[in-house]
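Structure below; questions to follow.
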Amino acid sequence: MEIDMTSLKYFVLICKNKSFSKTAEELFITQQALSKRIQKLEKQY
């Protein structure tokens, strides 16, 4: 199983910011795109 490091980094930022919307803004991506990355990560583990 390959680890998606980008998604893990996103997860850490969400924990740090305690906010999906703030993290999405910081990463210059939509909140929906961020949520999908995290859902994929959850399914992997």
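Could you name every one of the helices (runs of 4 or more DSSP H) located completely within the chain that has at least 2 residues being in contact with a helix residue (DSSP H, G or I) (Cβ under 9 Å, 6 or more places away or on another chain) and modelled with pLDDT under 95?
Where helices (runs of 4 or more DSSP H) fall fully within the chain and carry at least 2 residues being in contact with a helix residue (DSSP H, G or I) (Cβ under 9 Å, 6 or more places away or on another chain) and modelled with pLDDT under 95, they are 5-17, 31-44.
Would you pick out the residues in segment 3-24 that are within 8 Å of the chain's Cα centre (by Cα) and among the basic types (K, R)?
Scanning segment 3-24 gives a single hit, K9.
Would you please name the residue that is surrounded by the fewest Cβ atoms within 10 Å (Cβ to Cβ), looking only at residues in segment 14-25 that are in contact with a Leu (Cβ under 7 Å, 6 or more places away or on another chain) and not hydroxyl-bearing (S, T, Y)?
Across segment 14-25, the extreme among qualifying residues is F20.
The values are calculated or read from the model by the stated rules, or taken from the named source; none is laboratory data. This is a predicted model, so every value here is computed, not measured. Cβ coordinates were reconstructed from backbone atoms using ideal geometry, including for glycine residues, and neighbour counts include every protein chain displayed.
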